Structures are given as C-alpha cells and as structure tokens.
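No lab work stands behind these numbers, since they all come straight from the coordinates. Please read all numbers here as calculations on a predicted model, not as lab measurements. Because the Cβ atoms are built from the backbone with ideal geometry, glycine has one as well, and the counts that use them run over all protein chains shown.
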Amino acid sequence: MDSQWVIDAQGLEKSYGSGASRFDALKGVSVQIAPGETLAIVGKSGSGKSTLMHLLALLDEPDEGTLQVAGRDAKSLSKCAVNGLRNKEFGFVFQQFFLTPNVSVLDNVILPLKIAGMGGKERRKRGMEVLEQLELADKAGNKATTLSGGQKQRVVIGRALVNAPRVIFADEPTGNLDTATGAVVEDILFELNRSQGITLVIVTHDEDLAARCDRQIYIRDGLVVSQTTSTHTGLTHTGAHALVTPEALSTAGGAE
Amino acid sequence: MRTKDLVATAISNTFRSKLRTTLTVLAIFVGAFTLTLTNAVGAGVSQYVDAQVGALGAPDVFIITQASDATTAGDGPVKYNAGSSASVSSQQGPPGTTTKALTDTDLTKIADTAGIVSVDPIRSVQPDYIEYGTGTQYEFSINATSAVTTADLTAGAQLDGSASEAQLVLPDTFVTPLGFASADDAVGASVSIGITDILGEQHTVNATIVGVSLESLLAAGAGANDALIAELADAQSGGIETAVTSYGVAVAHFDKALSADAVTALKADLATEGYTANTIEDQLGAVQTVINGIVGVLNAFAVIALIAAAFGIINTLLMSVQERTREIGLMKAMGMSGGKVYTLFSLEAIVIGFLGSAIGAGVAIGLGSALSAVLSQGLLSGLPGLNILLFEPTSVAFVILLVMLIAFLSGTLPAQRAAKQNPIESLRYE
Ligand SMILES: Nc1ncnc2c1ncn2[C@@H]1O[C@H](COP(=O)(O)OP(=O)(O)OP(=O)(O)O)[C@@H](O)[C@H]1O
Ligand SMILES: [Mg+2]
C-alpha cells in the first residue's frame, strides 16, 4: 500500500448555525492517520466525533484548518475528484445502517460499484465475493429489511469494503449491536485491516473497541484532550497528550 | 453511474411505491388518451376531406358559375335580357336557386382573364342505365366534372383525358350488382350505357371500365373521360345541333405558380366580371374550419388535463425525494455527483410520463379503432372512405414525446432539490 497515503488534518474547526444559536462542534483538531493503522476516535455523545469523521472523510468542509489527503490539499480538489475519492478510496459505515429497504442485500452491497460505473456482471461477482467473505451469501437475494441487526451491520460493512477501499470510516459500528454480535463485527473489521491493510478510522465510545485499535484520540467539547497508543499489553501514552489524567480518561471513555 | 444503470434504477424506483405511481400515471393517461383521440379525429377528418378534394380535382382548379343574382323569393321578377338571361338548371348550383348559364362568350371572357390557363365547359349527360353483358340494368349517373378530377381509386387507373377510347371509372357500389367478382375483375371489362335522346329514342354506348372508385361525398356518380362524354352527348342530342350552346358550370385551370394571395385576387377579378369562382378547398373549407375548431377545443381540454397531471408528477416526485432523503444522502456520500442525482430523478419523471402516455395512447388506439370500425358500419356508413379516427404513427409519437417533455419539465423542481441535498444533512435526517 502507498506509504504516502496519509490523511493529515491541522487545526480543524467546524461550527453549526449562526448568531445566538451558533455552536462550535470542533474547535481546532489536528489528526494524522498513517496508512494501514487503526485509529479510534473516542468521546462522549455530542463531543464532535461524527463531525470530525465527516471532515476527515471529505463529506463536509471545515470552517478553518487544512486537510491533506495523500499530500494534496482537499480544498484544491475538484468536486469530481472528491466524489472519486469517496467512491473508490473510502468505505463508510454510518451510525445508522442506511440500507435501502425493498432492495436486495446484494444490490445494497454493490451500490458503490454501481455509482462507480462498473458493469452489471462484474459488480455482482464482486458483491458475491464480499458476501461470501462475510458469510452472507445465502442472504444475497433477501430484502435488506428482512435481516437481523447483526446481519444488517455485516451488509453495511460489505458495502463499505466492496470497492476495496484504502480507508474505512466506521461511526459506532457496534453501537446498535449486542456484545456478542458486536464482537463478530469488530473481528471482521480488524481482520480486514490485518489481511488487506485497510486503514480503519473507528468512532466509538466503547473503551474495549477503542483499545483494540493501534491509536486512540479522545475528544471533548470539540477538542482533542488526549492521544494514546496501544501495544499488545496495554495503553501507552504518547506525544503532546501523553499526560492524561485518570479523570479525563474516564469521562472520555464513559460516554453512554 | 452508467446511463443504462441510471435508467434501470429510475424504472425500478418508479415502481417502488406502486399506488402513488399508478395514480400519477392515471392522471397522465387521461390527458394522453384524450389528446391521441382528438388528434386522430382531426387526422381522420382532414384525410377524408383531402381525399374528397382529390376526388374533385387538382388544387389549381376553379369551379366557375355565373354569379347568381338573387332570384330568391321576395325580390320580385327580374327584367328579361336577351343577352344574359339564358337559364339552365344545374346540379352545381345551391339547392333552390337557379344558376344562369355560361355561354361561349363567357368562356372566352374567362379564358382572357390574366392568370387563367384554360377553361372547359362541363357538359352534363343523363344516361338511363348501365349494363354488363346481358345482366340487370341499373340506374346510373355520370359526374360531370369527372374528366378534370382525380378519383379515389380502389382498383385500376385514372381516366385518360386524351384517349380516343370511351373510358369509365365505376363507383365500387356497382361492382357486385353488375356481376363482377371483385373490383380488379371489373377493370378492363366493357359495359354498355343506355341513354335517351331529346326525341325520346334510346341508344346504347359502349365504354371500357379503367378504374373502380370509392363513392365520394362531393363527386357522386361514375367518371367518364372526354371521349365518352362526347359520345354520350352526341347520342343525347339525337343529331340535332342546338344553335346556342350554354353550360351550367365551367372548370378553369389557373396558373399553378400563383400564390394564395394571387388566387384570391384572381377570384376578385372574376367576381367583378360577374362570375363566381371557387376552388375545391373553398367549398370544403367551411366544413374543415368547423371540424378543426372542435378538434382544437378538445385538444385544449386534453392539454389542461396534462397540466393538471404535471402537478401530480411534481407532487409525487417531491414526496419521493422527501422519502428518500437518506438514500440520496448515502449515494452522494458514496461519490455520486449532483448531476447524476438530478438525472436519476428526471428520468423517474420521464418514466412516469412515458408510462402514462404510452398506456393512454395504446388504449386510445385500441378503443378508437374498434369504435371507428363500428361507426363506419353503422352511423357513418353513408360516407364511404371516412375513417373517423385515423391514428398516424407520427402524431401518436408526438403525443408521447410531448407528454414525456411535460413530465421532464415537471421533474426539474424535485430533481433539483434532490441534487442540491447535502449528504451530511441528509444522513442526519430523521
Ligand atoms: N447540522 C447541525 N446543526 C446544528 N448542530 C449540529 C449539527 N450537526 C451536529 N451538531 C452539533 O454538533 C455537536 C457534535 O455533533 P456530532 O454528531 O459530531 O456528535 P458525536 O460526537 O458524533 O455524538 P454521538 O456520539 O451522539 O454520535 C453536537 O452537539 C450536535 O448537536
Ligand atoms: Mg456521532
């Protein structure tokens, strides 16, 4: 995988609304994501995790700050180039499933390929490969609405990886699932990282899931309050945010 | 996204909420159905009128009579004038009026008018019967203008004006009674025509059938070429040369190159000389104007129905965009451009328009053809050749395309709305 393929965000600021109802969701966040790593964005509800993820994934534009993707400034990219990046290099798992009801599981999975303009036969073949990988091949023809929560989330992951992306952005991938199903979904994601080198950016408030990632950044009220790096044995504090008080950790990790 | 995929997606999206689509399609159906039918009536009638005009003659022909100076009741007697009072009763004059005859002097005067190429008097002959072989004799009449007109043929060929052989174009209603197996069978056969001269003696004249024509509203009777008319006229006069020749009607050919304005001017010139000149279109124009007016009003109703249907499309698609906010957001997040989203929704509008118009036109053609067949056997059987509903492929295609265009235009607002959606806002939408 291309070692230059880094997402480098500096001083991201984002606010919603204006005047009295203005709300600063992000107040200057800097993140760097290296190829092949797994990064957890951890924080309480409303701390700005999703907002940050959307900015990193070029779904939204920051008010202030710069974002570089693979060495190129996101602002300099054309609309078409941004669409192309999201379509081919990124995979998305949103906070909700966002499956199209009344459309088959296979058709849901191959949506990014259809948007990319891949031929019908080819994309169905690729879709079936992915569904087999996720042990959902027997559900390919079912309507998405007939699946269980865990199955739905696996379909969503299938949709995120069908285009063989470099980066998968996952917003609370286990948030809607029970512990056992959640663990299965986690395993799938980390297996993708290990076997295919796909970079993972996971938004979560689940401390265990965060711990499985290589690196964690803790967000509170639109600011990064600490960053940690995990080893196989546990957490190692690094960089400017090495000094994290136990209190900061518990508030960050204790989101509902 | 490939165009093929866009179209396929649009079609399957259209059928996602079946009831709503059906109702919208129904509204368009009504408009398209009406429009197809009214166009067919217009086309049917104008085709019939054109055929009738064809039966009466070329577009460069005037039917000329003396201007009838009101000898209707209440005006009192008109003073006799030896020069102008030759009177003949003519078939061509309006019922209840007497048309003054045209004399040879009149014909020269008309021929000298600038713009007139030639003038031919119409000699009317009254044969008694027609007979084939030794079969039954049938009453029979000859259309005086047939020598200069074109018949609406079902078999054979038109009359040859320059032929020396006596030729006849037989109305198709005579084919079976005379004992022919078919129209084609009649062509080439020789028939005899009986005619009584002014002295009361009956003669027979032989003629060859060259064609079989549909009976037409405005040119009833058989067609005869100059040779046959001359022969019949000679037989009718019984060998007595009348000193003064007079004719009820003359046919004048005018310069083909004349513009419509010039033709009008020429008519005015003839009017000042005391002649009434009418083209075939003039005679049928009044009828056609009325029918066109009716068709126009019906078309206007159909268009109003379509405009109402257009609001239905806007409404349906706006609801669809609203319902599918998340789906649109997701597709945009996954890199679908606004342009493609716009195209997708426009295509959905066009699909709805196509469905409504194709079904509407199809049902109109089905029902209309059946109705037309029933009418031509029943109510309209007196007008052979009239196909009251004529579905022309081009006009049906035009109706479908027009409706699709209206649908596309109705789809612009919802499609624009979908295309402008911000993916993040859409994905947050509850
Ligand atoms: N479109 C918007 N308009 C106004 N405020 C918004 C909008 N989107 C987000 N916010 C606010 O920005 C803040 C951060 O939102 P964000 O969705 O990033 O939170 P989060 O950390 O992902 O929370 P959660 O864990 O509940 O998903 C919240 O307080 C939210 O109310
Ligand atoms: Mg969130």
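Selection within the range A:160-219: residues that are within 15 Å of ligand 2 (Cβ to nearest atom) and β-branched (Val, Ile, Thr). The member of this set that is surrounded by the most Cβ atoms within 10 Å (Cβ to Cβ) is A:202. If I filter the range B:378-391 for residues that are without any contact (Cβ under 8 Å) to a residue 12 or more places away in the chain, closer than 30 Å to residue B:64 by Cβ, not in a helix (DSSP H, G or I) and not acidic (Asp, Glu), do I get at least one hit? Taking every residue of the range B:378-391 in turn, at least one turns out to be without any contact (Cβ under 8 Å) to a residue 12 or more places away in the chain, closer than 30 Å to residue B:64 by Cβ, not in a helix (DSSP H, G or I) and not acidic (Asp, Glu).
Flag: residue A:39 matches the condition of being outside any loop (DSSP other than H, G, I, E, B), more than 14 Å from chain B (Cβ to nearest Cβ) and either within 16 Å of ligand 1 (Cβ to nearest atom) or not charged (D, E, K, R) (or both).
Take residue B:339 and decide whether it is surrounded by fewer than 21 Cβ atoms within 10 Å (Cβ to Cβ), of a type outside the set (S, T, N, Q), assigned to a helix (DSSP H, G or I) and within 14 Å of another protein chain (Cβ to nearest Cβ). Taking the combined requirement at face value, the residue satisfies it.
Can you find a residue in the range A:61-76 that is facing chain B (nearest Cβ under 8 Å) and farther than 30 Å from residue A:136 by Cβ? No, the range A:61-76 contains no residue that is facing chain B (nearest Cβ under 8 Å) and farther than 30 Å from residue A:136 by Cβ. Considering the conditions (1) within 15 Å of ligand 1 (Cβ to nearest atom); (2) within 14 Å of chain B (Cβ to nearest Cβ); (3) not in a loop (DSSP other than H, G, I, E, B), residue A:31 is excluded by exactly one of them, (2). Checking the range A:53-60 against the condition returns a match, with at least one residue being touching a helix residue (DSSP H, G or I) at 6+ places or on another chain (Cβ under 9 Å) and away from ligand 2 (no atom under 16 Å from the Cβ). Checking each residue in the range A:82-98 for being at the interface with chain B (Cβ under 9 Å from one of its Cβ atoms) and either in contact with a Gly (Cβ under 7 Å, 6 or more places away or on another chain) or over 29 Å from residue A:72 (Cβ atoms) (or both) picks out A:83, A:84, A:86, A:87, A:95, A:96. All conditions in (1) within 16 Å of ligand 1 (Cβ to nearest atom); (2) more than 23 Å from residue A:198 (Cβ to Cβ); (3) not hydrophobic (A, V, I, L, M, F, W, C) hold for residue A:50, with the sole exception of (2). In summary, residue A:156 fulfils each of the numbered conditions (1) within 16 Å of ligand 2 (Cβ to nearest atom); (2) assigned to a helix (DSSP H, G or I); (3) out of contact with any strand residue (DSSP E or B) (no Cβ under 6 Å at 6 or more places or on another chain) with the single exception of condition (3).
The lone criterion from (1) over 18 Å from the mean Cα position of the chain (by Cα); (2) loosely packed, with under 15 Cβ neighbours inside 10 Å left unmet by residue A:46 is number (1). In this structure, does residue A:115 turn out to be in contact (Cβ under 8 Å) with a residue 24 or more places away in the chain, within 15 Å of residue B:1 (Cα to Cα), of a type in the set (Val, Ile, Thr) and within 7 Å of chain B (Cβ to nearest Cβ)? For residue A:115, the condition - in contact (Cβ under 8 Å) with a residue 24 or more places away in the chain, within 15 Å of residue B:1 (Cα to Cα), of a type in the set (Val, Ile, Thr) and within 7 Å of chain B (Cβ to nearest Cβ) - is met.
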